[in-house]
Amino acid sequence: MENVPLLQIKKMSKAFLNQLVLKEVNLQVERGDIYALVGGNGAGKSTLMKILTGLYSYDDGEMYVKGMKQQFSNPSEAHRKGIYLIPQEPLIFPHMTIEENICIGLKEKKKKLRVQIQQLINSLGWDIDLYELGASLSIAQQQLVEIVRGLIREAEILILDEPTSTLTTHEIKSLFVLMKSLQEKGIGMIYITHRFPEIFEIANKVAILRDGMIVSQGDVCDYTYDMLMEGLLPKGYKQKEKIEVVQETARTKKILEVVDINGHAFKNISFTVHAGEVVGVAGIIGSGRTELAEAIFGLKTIKSGSILLDGKSIDTCSLYKRLDEGLVYVPEDRARNGIFSIASVKENIAAASLYQNNRFFINQEKESALVDSFIGQFRIVVQNIFIRR
């Protein structure tokens, strides 16, 4: 059975209502593969991963795990067949020990499991006290706990969902060393990422998913950065061969002015954003980036200084007034601060424009038209606009 692929997907399709979100997807993961999967928002990556881990079932096609045809009905079935997902946000219980976090749900004797876990951790080169609480772990360490969780359940296929999104450069290097060691042990990995340099550094195969279809796949060594980018672009989109340089005179209009502001975690900050500019604010964790953004939007107060939008001070403006003036904030933690988890897709999209589109009562027709226009404009793929998280 050594020559049998760990995972083989043949012409897999999946639809929600009448919307096809996966269209005849083919994918094959061999032992020791690090298979990079790239695709834009709404490409179908999440749906595919949820099928592989038993959260969704597929409608058409076939899926084989180590040569046996499978259709999972829940994550436990996927675990038993050797597939384990390392989520982007590790599921760690803060008041449980590392050992308890790893063993949760397992029926084997605790003493036997402890020996197995310690042997596994030693083989991975991880120096950690199993009696530490989950709350003490960094994000990188939480991911390691998730990986050990999968391996102790004899996983042979690990799915890593954007694991480097919150890691430091040093932590990323450590993760890649671990992945290489797992690769040598014959573990197959599906590596979801938006970071092209990482694909060339760690993966040996790559597949590009666009609009529910795999438009290109093969050995990483056969790809270039431009080829990956071209695969992600919408069908029919043509990149300009020549980029026109915007003259400085076209950027004289000041959209946002931050003048010597001081607040919690930052001081004496000044910068200007002109029309057509993208201004990057960089800094390590704890440097005050998030606090600065929240202060500009009005979520946090500033102690001194001034913020001008289109030449007018917004220092005393409410959040509603700032929104009305065209200032929008996309928070760092989208899951916690970016959406209303109990509200539908429609309600979340329309939330910021409640005062604009309604008077005394919510105008459902107007609201639905607004939501539909945004879904079309930003190519948002959803089962329906009434679905909740």
Restricting attention to segment 94-106, report how many residues are at positive phi and touching a helix residue (DSSP H, G or I) at 6+ places or on another chain (Cβ under 8 Å).
0
Determine which single condition Lys109 fails, assuming it passes every other condition in (1) at positive phi; (2) out of contact with any Asp or Glu (no Cβ under 9 Å at 6 or more places or on another chain); (3) of a type outside the set (Val, Ile, Thr).
(1)
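In segment 121-205, which helices (runs of 4 or more DSSP H) lie fully inside it and hold 2 or more residues that are aromatic (Phe, Trp, Tyr), under 30 Å from Asn26 (Cα atoms) and in the same structural domain as Asp33 (by TED's automatic domain parsing)? Walk me through it before giving the result.
Numbers: elements: 139-152, 169-184, 196-202.
Once the helices (runs of 4 or more DSSP H) in segment 121-205 are filtered for at least 2 residues that are aromatic (Phe, Trp, Tyr), under 30 Å from Asn26 (Cα atoms) and in the same structural domain as Asp33 (by TED's automatic domain parsing), what remains is 196-202.
Are any residues in segment 41-52 over 20 Å from Tyr84 (Cβ atoms) and crowded, with 16+ Cβ neighbours inside 10 Å, and if so, which ones? Please lay out each step first, then the result.
Keep residues of segment 41-52 that are over 20 Å from Tyr84 (Cβ atoms), which gives 41-44.
Those that are over 20 Å from Tyr84 (Cβ atoms) and crowded, with 16+ Cβ neighbours inside 10 Å: Gly42, Ala43, Gly44.
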Restricting the search to segment 1-30, which residues are modelled with pLDDT of 95 or more and in a loop (DSSP other than H, G, I, E, B)?
Leu6, Glu30
Test Lys11 against the stated conditions and say whether it is surrounded by fewer than 21 Cβ atoms within 10 Å (Cβ to Cβ) and farther than 16 Å from Ile83 by Cα.
yes
Which residues, counting only those in segment 53-82, are surrounded by 18 or more Cβ atoms within 10 Å (Cβ to Cβ), modelled with pLDDT under 95 and not in a loop (DSSP other than H, G, I, E, B)?
Ala78, His79
Tally the residues that are free of Cβ contacts under 8 Å to residues at least 12 places away in the same chain, under 28 Å from Leu256 (Cα atoms) and small (Gly, Ala, Ser), restricting the search to segment 324-377.
3
Taking Ile117, is it within 23 Å of the chain's Cα centre (by Cα), more than 27 Å from Thr169 (Cβ to Cβ) and among the aliphatic types (A, V, I, L, M)?
no
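Looking at Glu347, Glu365, Glu291, can you tell me which residue is assigned to a helix (DSSP H, G or I), closer than 30 Å to Ser46 by Cβ and modelled with pLDDT of 80 or more? Write out each step before concluding.
Details: Glu365 fails: closer than 30 Å to Ser46 by Cβ; Glu291 fails: closer than 30 Å to Ser46 by Cβ.
After applying the criteria, what remains is Glu347.
Restricting attention to segment 347-364, does a residue exist that is surrounded by 11 or more Cβ atoms within 10 Å (Cβ to Cβ), in contact with a strand residue (DSSP E or B) (Cβ under 6 Å, 6 or more places away or on another chain) and either over 28 Å from Phe16 (Cα atoms) or not assigned by TED's automatic domain parsing to the domain that holds Leu22 (or both)? Steps first, please.
Narrowing segment 347-364 to residues surrounded by 11 or more Cβ atoms within 10 Å (Cβ to Cβ): 347-354, 356-358, 362-364.
Then drop every residue that is not in contact with a strand residue (DSSP E or B) (Cβ under 6 Å, 6 or more places away or on another chain), which leaves none.
No, segment 347-364 contains no residue that is surrounded by 11 or more Cβ atoms within 10 Å (Cβ to Cβ), in contact with a strand residue (DSSP E or B) (Cβ under 6 Å, 6 or more places away or on another chain) and either over 28 Å from Phe16 (Cα atoms) or not assigned by TED's automatic domain parsing to the domain that holds Leu22 (or both).
Among the listed residues Ile86, Ile121, Ile172, identify the single one that is of a type outside the set (Ser, Thr, Tyr) and closer than 25 Å to Val65 by Cα.
Details: Ile121 fails: closer than 25 Å to Val65 by Cα; Ile172 fails: closer than 25 Å to Val65 by Cα.
Exactly one of Ile86, Ile121, Ile172 is of a type outside the set (Ser, Thr, Tyr) and closer than 25 Å to Val65 by Cα, namely Ile86.
The values are calculated or read from the model by the stated rules, or taken from the named source; none is laboratory data. What you are looking at is a predicted structure, and each value in this text was computed from that prediction instead of being measured. With ideal geometry, Cβ positions are generated from the backbone for all residues, glycine too; neighbour counts draw on all protein chains shown.
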